[in-house]
1. Being within 27 Å of the chain's Cα centre (by Cα) and open to solvent by 10 Å² or more (accessible area, probe 1.4 Å) is the filter here, so list the residues in the stretch 425-440 that pass it.
2. Give me the residue from the stretch 198-210 that is of a type in the set (Gly, Ala, Ser) and open to solvent by 20 Å² or more (accessible area, probe 1.4 Å) and, out of that set, farthest from the chain's Cα centre (by Cα).
3. Take the residues of the stretch 54-84 that are open to solvent by less than 50 Å² (accessible area, probe 1.4 Å) and hydroxyl-bearing (Ser, Thr, Tyr): which is farthest from the chain's Cα centre (by Cα)?
4. Please enumerate the residues belonging to the stretch 68-108 that are within 23 Å of Arg155 (Cβ to Cβ) and of a type in the set (Ser, Thr, Tyr).
5. Looking at the stretch 113-124, can you tell me whether even one residue there is open to solvent by 30 Å² or more (accessible area, probe 1.4 Å), closer than 26 Å to Ser303 by Cβ and without any contact (Cβ under 8 Å) to a residue 12 or more places away in the chain?
6. Considering (1) in contact with a helix residue (DSSP H, G or I) (Cβ under 9 Å, 6 or more places away or on another chain); (2) of a type in the set (S, T, N, Q); (3) open to solvent by less than 70 Å² (accessible area, probe 1.4 Å), say which one Thr250 fails and leave the rest.
7. Select from the stretch 280-301 the residues that are of a type in the set (Asp, Glu) and either touching a Phe, Trp or Tyr at 6+ places or on another chain (Cβ under 8 Å) or open to solvent by less than 20 Å² (accessible area, probe 1.4 Å) (or both) and list them in ascending order.
8. Would you check if Asp407 is in contact with a His (Cβ under 6 Å, 6 or more places away or on another chain) and among the charged types (D, E, K, R)?
Amino acid sequence: MAASWNFMRVVHYSKTVLSQGVQIGGITSDLGHALSRTITSSFVAKTPTSNTVELLGKAYPRDDYSNVTEKILSKVGKNLHNQRYHPLWLIKERIKDHFYKQYIGRFGTPLFSVYDDLSPVVTVEQNFDRLLIPQDHPSRRKGENYYMNHIHMLRAHTSAHQWDLMHSGLDAFLVVGDVYRRDTIDSSHYPIFHQMEGVRLFSNHELFSNIKDGESLQLFEQGHRTAHKQETHTMEAVRLVEFNLKQVLTKLVTNLFGDGLEIRWVDCYFPFTHPSFEMEINFQGEWMEVLGCGVMEQQLVNSGNVPDTVCRSATVPCIIHASHRRPPPGCLAGFRLTGLQAPLRLEEWATSRPRQTSPKVFPLSKYPPVINDISFWLPSEKYSENDFYDLVRTIGGDLVEKVVLIDKFTHPKTKKVSHCYRITYRHLERTLTQLEVNRLHRAIEESAVQELGVEGRF
C-alpha cells in the first residue's frame, strides 16, 4: 500500500491597489481602454529558426505541440536547489535532515533515499499516463504546459518520477526538482518552481506489525469504492495509512515553521490518489494551502511492479518555508527565488544552516514599479492568455513583476472581444525610467500583433 504527498505551490502575498485615475503610460488608467486608438496589422506567424529543440545536449524534433520558449529553455539546468547556500538548497537540506533523523531503516541507515538531479525532460506518458490522468483532463492542455513535442515535455510535477522509482524497487524516497507550468504573471506565480515529492510503500507486515492482533488484519479486499477508500483496500489499512501520512506531514511542517500552528485537513481530488487531502495552515487569519497528499491508487502501485503493497504520497513546495512569512509588495523572495539566479548573493545566506532557524525573507527589490497598460482585439480563434503571458516573459524577462487582465469588452455590433492588461515592471537593483519601460512595452505591443494575431488598440 502506498501513500503520496506533494507540497503544492501556493503563496499568498499582499496586493498593491492603484487608485482610480492614476497616470499610467501617459494615459489616465480608467479611460485608457475606452479611448485608445486602433492599429491594424496583418498576422505574421513566427517561424522557428530550427526544426529541433535543443536542450541539455539532446535534440527534440519540433511538431505542432512544441511551445516551449527560449526564455524558459535558458533557465533549464540551473538546478538552484543544488547550489550550496541558495535558499532553495537550505530548504531542501532542512527537509532531508528531518527525514534522515526521524525515519531510520532496519540497518541504521536513513529509510528515505533522495533524488535531486533527475532530468526535467520527461515523456507525456511519465507526466500523465502513468499517473492515471485522463486524456481529457485540463492539466494536459498545451496552454498549461511546456511541450518539446507531442512525446516529450518539461515536467509539470515531480510526481512524473514516481512510477519509474517504484518500478526500480524503491519503497521510500524523496524527489526534489524544478517543475514547469504556463501560468499568470504575478508575485505568487512563476513558470518555474520547485517541489519535493515523497513516497512510502507499506507491506502487510510493515503496516500492522505494531497493532494489537495485527496479524489478523489485511491490506486488500474485494470491496466497493467509497468516498473514504478504494475498492481494493480494507478500511483498517486506509485508516492506518491516512493516520501515518498526516502524522508524518504534521511533524514536518512543525519542524519547518515551529510549534503552535493551526492546521486543518481538507478532502480533495487528485487523479492518482484516493482518498486525497490538502493541508492548510492558518496564517494571519487566512487559511493557506501548503501541500497535497493521499493514498496512491492501487492500479498505479501495481503497474509499478509492487503489487503486494499500499502506498502514501505527497508533494511539498520548496517555497513554503519562505511563503509562510508574508513579504510586502515588491518582495519577490520566497517565490521568484525558484526561477531567478541573480542578483542573489549566496554568501549572505551561508550563515543559515539547514538545522538552524531559517533565514528571514527580504525584498529583492525596494525600487518603485512602472505600470503600463496594453489593450487589443482578440483574433477570432486560437488565442490563449498563457500565450500572451509567455510573450511578455520572453520580451520583458524578470523585469515584469505582474500582468493582470483588468478589462474585457465585447463590441455590441461586431461582437469582437477586447482585452486590456496592466503590466507592472520593476527592476531588482535600480529604479526604472518610464522611457526605457516604454521601449520595452512597445516591443511587447509589436510582438503581440505579429505573433498572436491580435489587433492593437495602442
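The values are calculated or read from the model by the stated rules, or taken from the named source; none is laboratory data. All figures in this text were calculated on a predicted structure; none of them were measured in a lab. All Cβ positions, even for glycine, are placed from backbone atoms using ideal geometry, and neighbour counts span all protein chains on display. Ligands, DNA and RNA are excluded from the accessible area calculation, which covers all protein heavy atoms including side chains. Shrake-Rupley method; radii C 1.70, N 1.55, O 1.52, S 1.80 Å.
1. Arg426, His427, Leu428, Glu429
2. Ser209
3. Here the residue is Tyr60.
4. Thr69, Ser74
5. no
6. (1)
7. Across the stretch 280-301, the qualifying residues are Glu280, Glu297.
8. So Asp407 fits the description; yes.
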